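**Q** If you scroll down you'll find the structure; I have some questions about it.
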Amino acid sequence: MTLHVDVDRASNSPAPEASSIRRWIETAWKAADMLIHPDVRRIEVSVRIVDENEMHLLNRTWRGQDKSTNVLSFPSDNPPAGKLCHLGDIVACGPVIIREADEQDKTLEAHWAHMCVHGTLHLLGHDHINAEDATVMEDLETHILASLNFPNPYSGKLAREDFNTA
């Protein structure tokens, strides 16, 4: 089974190379150990890197939140089509991720990796709506990021209420 990640850059803000984004998403997908139909041979994920105006509009439209955010995930409602499965779309806001990395004293690469892992886990059905689910998701994120040699994203100043993705 192969994973294809399509990265669309709609922002001029600095962002990781597509190869890094793909590696982070693939690591999350493999670690999450989600069952995919056995006939599926190719899994696709789309990533769009946007500016704050586009993210604000998406967040207001889809989540009713009148502000920008760091990452949104849109899982596909379509069942696998033969040998192809489109897991969904991840939208990441470069300027917000850059600002948060600075505010949270994280490296930019570590925060981008976290957002890609976090968005992928949402595509795979994980969420953090209640405390129990949040603990499961955060533990999985921490494990995945450690396997990529990144520190625990939840240590230090980052509090659960500060993490407002969907």
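Each value in this text was obtained by applying a stated rule to the coordinates, not by laboratory testing. Only a predicted model underlies this, so the values are computations on that prediction, with no experimental measurement involved. Backbone-built Cβ (ideal geometry, glycine too); neighbour counts: all protein chains shown.
**Q** Considering only the other residues whose Cβ falls under 14 Å of the Cβ of ASP66, what net charge follows from Lys and Arg at +1 and Asp and Glu at -1?
**A** Cβ neighbours under 14 Å give a net charge of +2.
**Q** What number, rounded to the nearest 500 deg cm²/dmol, is the helix-based mean residue ellipticity at 222 nm of the chain, given -39500 (n - 2.57) per DSSP H run of at least four residues and division by all its residues? Working shown, then result.
**A** Numbers: 5 runs with 70 residues, N = 166.
Helix contribution divided over all residues of the chain: -13500 deg cm²/dmol.
**Q** In addition: So what's the chain giving for Cα Rg divided by 2.2 N^0.38 Å, two decimals?
**A** Taking N as the residue count of the chain, the ratio is 0.98.
**Q** Could I ask something else about it? Find how much the distance from LEU84 to GLU44 grows on full extension, using 0.36 nm per residue of separation minus their present alpha carbon separation; answer in nm with one decimal.
**A** Here the segment from LEU84 to GLU44 would lengthen by 13.6 nm.
**Q** Enumerate the amide H contacts of GLU44 below 5 Å, restricted to partners 5 or more residues apart or on another chain; note that Pro and chain-start residues carry no placed amide H.
**A** HIS4, CYS85, HIS86, LEU87
**Q** Under a Cβ-only charge scheme (Lys and Arg +1, Asp and Glu -1), can you give me the dipole magnitude of the chain about the Cα centre, in debye to the nearest 20?
**A** Result for the chain is approximately 400 debye, rounded to the nearest 20.
**Q** Just give me a number: lysine pairs in the chain, eight or more positions apart or cross-chain, with C-alpha atoms less than 28 Å apart.
**A** So the count of such lysine pairs works out to 5.
**Q** Computed FRET efficiency, Cβ-Cβ of ARG9 and ASP127, R0 25 Å: what is it to the nearest 0.05?
**A** My answer for the efficiency is 0.40.
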